[in-house]
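> One structure, as structure tokens, below. Some questions next.
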Amino acid sequence: MKAAAIVSIGPPGVLQTMELDEPQAGKGHVRVRVKAAGVQPFDCAVRSSGWTPPGLQLRFPQILGNEFAGIVDQVGEDVADFSVGDEVLGWALLACYAEYVVVPAAQIVRKPKAMPWEEAGVLSASGQTAHTALKELGVGSGDTVLIHAAAGGVGTFAVQLAKAWGADVIGTASERNHEYLRSLGAIPVAYGAGLEQRVQAVAPNGVDAALDAAGDDALRSSVALGIDRRRIGTIVSFELGERLGVRAIRSERSKERLAELVALYAQGKLRIPIRCVFPLEEAASAHREIEPGHGFGKVVLTMS
Ligand SMILES: NC(=O)c1ccc[n+]([C@@H]2O[C@H](COP(=O)([O-])OP(=O)(O)OC[C@H]3O[C@@H](n4cnc5c(N)ncnc54)[C@H](OP(=O)(O)O)[C@@H]3O)[C@@H](O)[C@H]2O)c1
């Protein structure tokens, strides 16, 4: 099969398209013919630094990519709820920039017919991170929530979920993404010096919870705003987060969580904005797009 894999640690050019053996679906697993796969900062971090979460080891050539959508083409023993031909989306660590991925059946859900492949391919990782974080912060009706890096992949979903759950949302982004944030239902504010004053100006009654998807400065601003530290979470700055006594949040993925996101999409309560689409062969260009850390929505690879 064709796959985009790294042959060493380094700049985007180490991500190359190559022919690799097709994986086979074992017991409890399905094989999916991938149609689209999301590209995330996580993938760039693995490629550029060799960093992996505990328990994962790189093996060169190492395929990247954590989220996908496609068509089931093999069903292993003991899988009762999926058949060949089912259209699905799901997640699998370091495996999705490829024409085929093998995953436990517990890591996929059915794709609504009307959901485009590009959109389905980028929901499972960032969407579940946003969902995990807002649940951990107890976001709900009556809350005013501050989301740092609101225009990015995680922020885009976090803004919409918080709105869907009844909260008012303030989102930080550079000026060029403010109209985008308004379109998602957030009140935009620019990040950088003076952020706290700008937030106070649009939230005179205070902010109840904050999610940091940007880094140290954003986290310090949330603390400076006087938000209850049990309701401040970071998905980026774990060291500082620990020192400040706020929540360090790591995505917890489950079939139920993903199914809830898909249901919200089907009800028209969750949009999946795509910033740009690259063919699998241009995975390195997708990394060049993501790596600077600016822009809105999701970046996606498609397989022909
Ligand atoms: N802990 C976890 O489980 C977990 C899971 C997923 C992601 N993450 C981490 O979360 C972060 C965000 O991921 P993502 O996928 O959303 O990234 P992304 O799609 O690349 O988006 C990055 C966003 O950051 C914004 N930004 C840049 N500098 C900023 C600043 N100083 N203050 C506020 N916003 C700023 C950009 O907005 P502008 O274009 O307007 O500058 C852009 O929209 C990454 O560091 C990623 O590694 C952690």
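The values are calculated or read from the model by the stated rules, or taken from the named source; none is laboratory data. Since the structure is predicted, the reported quantities are computational estimates derived from the model, not experimental observations. When we count neighbours, we look across all protein chains shown, and the Cβ atoms used for this are built from the backbone with ideal geometry, even at glycine. Accessible surface areas use protein heavy atoms only, side chains included; no ligands, DNA or RNA. Shrake-Rupley method; radii C 1.70, N 1.55, O 1.52, S 1.80 Å.
> Please state which one of 141, 83 is assigned by TED's automatic domain parsing to the domain that holds residue 187 and either in contact (Cβ under 8 Å) with a residue 40 or more places away in the chain or out of contact with any Cys (no Cβ under 9 Å at 6 or more places or on another chain) (or both). Steps first, please.
Values: 83 fails: assigned by TED's automatic domain parsing to the domain that holds residue 187.
Step by step, each of 141, 83 is checked, and only 141 is assigned by TED's automatic domain parsing to the domain that holds residue 187 and either in contact (Cβ under 8 Å) with a residue 40 or more places away in the chain or out of contact with any Cys (no Cβ under 9 Å at 6 or more places or on another chain) (or both).
> OK, next. So which residues in region 48-79 are part of a strand (DSSP E or B) and aliphatic (A, V, I, L, M)?
Taking region 48-79 as the starting set, the residues that turn out to be part of a strand (DSSP E or B) are 62-63, 67-75.
Those that are part of a strand (DSSP E or B) and aliphatic (A, V, I, L, M): 63, 69, 71, 72, 75.
> Select from region 213-230 the residues that are more than 14 Å from the ligand (Cβ to nearest atom) and open to solvent by 50 Å² or more (accessible area, probe 1.4 Å) and write down the one among them that is nearest to residue 120 (Cα to Cα). Talk me through it step by step, then tell me what you get.
If we filter region 213-230 for residues that are more than 14 Å from the ligand (Cβ to nearest atom), which is where we start, we get 223-230.
Now drop any that are not open to solvent by 50 Å² or more (accessible area, probe 1.4 Å), which leaves 224, 226, 228-230.
Details: 224: 38, 226: 38, 228: 35, 229: 34, 230: 33 Å.
Only one residue fits best here, namely 230.
> Taking residue 92, is it outside the structural domain of residue 220 (by TED's automatic domain parsing), more than 10 Å from the ligand (Cβ to nearest atom), modelled with pLDDT of 95 or more and in contact with a strand residue (DSSP E or B) (Cβ under 8 Å, 6 or more places away or on another chain)?
Details: outside the structural domain of residue 220 (by TED's automatic domain parsing): yes; more than 10 Å from the ligand (Cβ to nearest atom): yes; modelled with pLDDT of 95 or more: yes; in contact with a strand residue (DSSP E or B) (Cβ under 8 Å, 6 or more places away or on another chain): yes.
The answer is yes for residue 92.
> From the list 54, 41, which one is within 16 Å of the ligand (Cβ to nearest atom), touching a residue at least 60 places away in the same chain (Cβ under 8 Å) and surrounded by fewer than 23 Cβ atoms within 10 Å (Cβ to Cβ)? Don't jump to the end; show me each part of the working.
Working: 54 fails: touching a residue at least 60 places away in the same chain (Cβ under 8 Å).
Sole residue among the options that is within 16 Å of the ligand (Cβ to nearest atom), touching a residue at least 60 places away in the same chain (Cβ under 8 Å) and surrounded by fewer than 23 Cβ atoms within 10 Å (Cβ to Cβ): 41.
> Of everything in region 257-288, what is open to solvent by 20 Å² or more (accessible area, probe 1.4 Å), under 19 Å from residue 3 (Cα atoms) and in contact with a strand residue (DSSP E or B) (Cβ under 9 Å, 6 or more places away or on another chain)? Give them in sequence order.
Listed by number, the residues that qualify are 277, 278, 279, 281, 282, 285.
> While we're here: I'd like the residue in region 139-164 that is part of a loop (DSSP other than H, G, I, E, B) and in contact with a Leu (Cβ under 7 Å, 6 or more places away or on another chain) and, out of all such residues, is nearest to the ligand (Cβ to nearest atom).
151
> May I ask you to list the residues in region 67-90 that are in contact with a helix residue (DSSP H, G or I) (Cβ under 7 Å, 6 or more places away or on another chain) and surrounded by fewer than 24 Cβ atoms within 10 Å (Cβ to Cβ)? Reasoning before the result, please.
Within region 67-90, the first condition is being in contact with a helix residue (DSSP H, G or I) (Cβ under 7 Å, 6 or more places away or on another chain), and the residues that meet it are 69, 79, 81-82, 89-90.
Result: 79, 81, 82.
> Something else now. Could you tell me whether any residue of region 187-209 is under 20 Å from residue 42 (Cα atoms), touching a residue at least 40 places away in the same chain (Cβ under 8 Å), touching a strand residue (DSSP E or B) at 6+ places or on another chain (Cβ under 8 Å) and not in a helix (DSSP H, G or I)? Quick ask: steps written out before the conclusion?
Filtering region 187-209 down to residues under 20 Å from residue 42 (Cα atoms) leaves none.
No, there is no match, as no residue in region 187-209 is under 20 Å from residue 42 (Cα atoms), touching a residue at least 40 places away in the same chain (Cβ under 8 Å), touching a strand residue (DSSP E or B) at 6+ places or on another chain (Cβ under 8 Å) and not in a helix (DSSP H, G or I).
> Is one or more of the residues making up region 189-212 open to solvent by 20 Å² or more (accessible area, probe 1.4 Å), within 12 Å of the ligand (Cβ to nearest atom) and either assigned by TED's automatic domain parsing to the domain that holds residue 41 or in contact with a Lys or Arg (Cβ under 8 Å, 6 or more places away or on another chain) (or both)?
Within region 189-212, one or more residues are open to solvent by 20 Å² or more (accessible area, probe 1.4 Å), within 12 Å of the ligand (Cβ to nearest atom) and either assigned by TED's automatic domain parsing to the domain that holds residue 41 or in contact with a Lys or Arg (Cβ under 8 Å, 6 or more places away or on another chain) (or both).
> Here's a follow-up. Quick one: how many residues across region 101-137 are of a type outside the set (A, V, I, L, M), surrounded by 24 or more Cβ atoms within 10 Å (Cβ to Cβ) and outside any helix (DSSP H, G or I)?
Number satisfying all stated conditions: 3.
> Return the residues of region 165-177 that are open to solvent by less than 10 Å² (accessible area, probe 1.4 Å) and within 13 Å of the ligand (Cβ to nearest atom); say none if nothing qualifies.
Scanning region 165-177 gives 170, 171, 172, 173.
> To continue, here is another question. Given the conditions (1) more than 21 Å from residue 186 (Cβ to Cβ); (2) open to solvent by 60 Å² or more (accessible area, probe 1.4 Å), report the number of the one that residue 296 does not fulfil.
(1)
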